[in-house]
Amino acid sequence: SVPLSFFGGVGGASRCGILVKGSNYLEALAAAETVVFDKTGTLTQGTFGVSAVHPAEGMEPGHLLEYAALAERWSDHPISQSLRAACPQEPDAGRVTDAREQAGYGVEALVDGKPVLAGSRRLLEGRGISVPTCDLPGTLVHVSVDGSYAGHIVLSDRPKPDAKGAIARLKTLGVRKVVMLTGDTGETAAAVAGELDVDKYHAQLLPGDKVDRVEKLLAQTSPKGKLVFVGDGINDAPVLTRADVGVAMGALGSDAAIEAADVVLMDDKPSKLAVAVAIARKTVRIVR
Ligand code: ADP
Ligand code: MG
């Protein structure tokens, strides 16, 4: 049987916009030792501003942005939404005849019948397209059109206003280790990690690498301690399932993520995780 006060805890959490799918997850949250955050859309706002457009020789900046936005037409990645929003007018979607997402890399599509890639350096290099070195701060979207490098778009994302405070609060609640994972570049990851005071970060991870990372961190967690992963479910749904407690951001997260998660933060605020841990600690103390 489940003690009544557990229901009180789940109910109390739900009144704070924290959906806990079972009292066992409340108990696990109370024992949170390692907290792993995904970066984009979880610790950061995930709404990118375009800070620069650098076309290759012979390409118009407006056309570069348009190719990228068209290739991203059907993606639900935060990068794709931001690129589409940056186009002065919505380009004709009829120009895209085939579009495919490569999770953790970017997208490929046929635009005006020409193959277009938009995404990470690895995406283009993997197709034999050489990408010039550029160490600009920010998330870069490299674009190729018809097999040739067409330039890159520099995007910037900001940490959520409550992210730093949330990490500090988790520490005071007894969480030993706060880790950030991202598929983004080391430069961008280092800047965010430094600003937010996470203990450790790992960059350039593909979705499968995130699962491997979490398994390593699980092995380092003490027998009674629990590992909590927080993500938006875009490219990280398998990790949500692997963690002791998988937490999804409710407003930004995909339906699949909300389904896969054990806990949903309805208003997307990392600080709500600290609230959840505090409620969990209090509830478990009352029960014991
Ligand atoms: P994060 O781990 O920060 O949540 P993702 O795993 O979703 O990031 O993506 C990792 C990287 O892959 C991004 O920083 C970007 O370079 C590239 N990428 C992924 N999806 C897209 C997309 N739809 N368009 C462009 N680039 C993308
Ligand atoms: Mg992500």
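The values are calculated or read from the model by the stated rules, or taken from the named source; none is laboratory data. What you are looking at is a predicted structure, and each value in this text was computed from that prediction instead of being measured. As a convention, Cβ positions derive from the backbone with ideal geometry for all residues, glycine included, and neighbour counts pool all protein chains shown.
Computed quantities for the displayed model
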item: Answer from Asp267, Asp255 - the residue that is surrounded by fewer than 23 Cβ atoms within 10 Å (Cβ to Cβ) and farther than 21 Å from Val211 by Cα; result: Asp267
item: Residue in the stretch 147-158 that is outside any strand (DSSP E or B), among the acidic types (Asp, Glu), within 13 Å of ligand 1 (Cβ to nearest atom) and crowded, with 16+ Cβ neighbours inside 10 Å present; result: yes
item: Test result for Ser51, of a type in the set (Ser, Thr, Tyr), within 15 Å of Leu140 (Cα to Cα) and either within 16 Å of ligand 2 (Cβ to nearest atom) or at pLDDT 95 or above (or both); result: no
item: Any hit, the stretch 38-58, residues being assigned to a loop (DSSP other than H, G, I, E, B) and free of Cβ contacts under 8 Å to residues at least 40 places away in the same chain; result: yes
item: Residue check for Gly106: within 18 Å of Thr185 (Cβ to Cβ), in the same structural domain as His54 (by TED's automatic domain parsing), touching a Phe, Trp or Tyr at 6+ places or on another chain (Cβ under 7 Å) and not aromatic (Phe, Trp, Tyr); result: no
item: Those residues of the stretch 31-40 which are surrounded by fewer than 23 Cβ atoms within 10 Å (Cβ to Cβ) and within 13 Å of ligand 2 (Cβ to nearest atom), in sequence order; result: none
item: Which numbered condition Asn235 fails, given (1) at pLDDT 95 or above; (2) crowded, with 20+ Cβ neighbours inside 10 Å; result: (1)
item: Selection count where residues are under 17 Å from Phe48 (Cα atoms) and touching a Lys or Arg at 6+ places or on another chain (Cβ under 7 Å), scope the stretch 108-143; result: 1
item: Which listed residue is at pLDDT 95 or above, under 24 Å from Leu26 (Cα atoms) and within 13 Å of ligand 2 (Cβ to nearest atom), from Val245, Val230; result: Val230
item: Restricting the stretch 92-105 to residues that are outside any loop (DSSP other than H, G, I, E, B) and free of Cβ contacts under 8 Å to residues at least 12 places away in the same chain, the residue that is surrounded by the fewest Cβ atoms within 10 Å (Cβ to Cβ); result: Gly94
item: Residue satisfying all of: in the stretch 62-82; away from ligand 2 (no atom under 16 Å from the Cβ) and among the aliphatic types (A, V, I, L, M); surrounded by the most Cβ atoms within 10 Å (Cβ to Cβ) among these; result: Ala68
item: Filter result for Thr34 (out of contact with any helix residue (DSSP H, G or I) (no Cβ under 9 Å at 6 or more places or on another chain), of a type in the set (Ser, Thr, Tyr) and outside any loop (DSSP other than H, G, I, E, B)); result: no
item: Residue tally, condition part of a loop (DSSP other than H, G, I, E, B) and more than 27 Å from Asp232 (Cβ to Cβ), over the stretch 59-91; result: 4
item: Matching entry among Gly8, Gly46, Gly12, Gly106 (being in contact with a Ser or Thr (Cβ under 9 Å, 6 or more places away or on another chain), at pLDDT below 95 and within 16 Å of ligand 2 (Cβ to nearest atom)); result: Gly46
item: Residue within the stretch 204-212 that is closer than 25 Å to Asp267 by Cα, touching a residue at least 12 places away in the same chain (Cβ under 8 Å) and surrounded by fewer than 15 Cβ atoms within 10 Å (Cβ to Cβ) present; result: no
item: Out of Ala30, Ala52, Ala69, sole residue that is touching a strand residue (DSSP E or B) at 6+ places or on another chain (Cβ under 8 Å) and either assigned by TED's automatic domain parsing to the domain that holds Asp236 or among the small types (Gly, Ala, Ser) (or both); result: Ala52
item: Filtered residue count, the stretch 50-84, keeping only those that are of a type in the set (Gly, Ala, Ser) and either more than 14 Å from ligand 1 (Cβ to nearest atom) or in contact with an Asp or Glu (Cβ under 6 Å, 6 or more places away or on another chain) (or both); result: 7
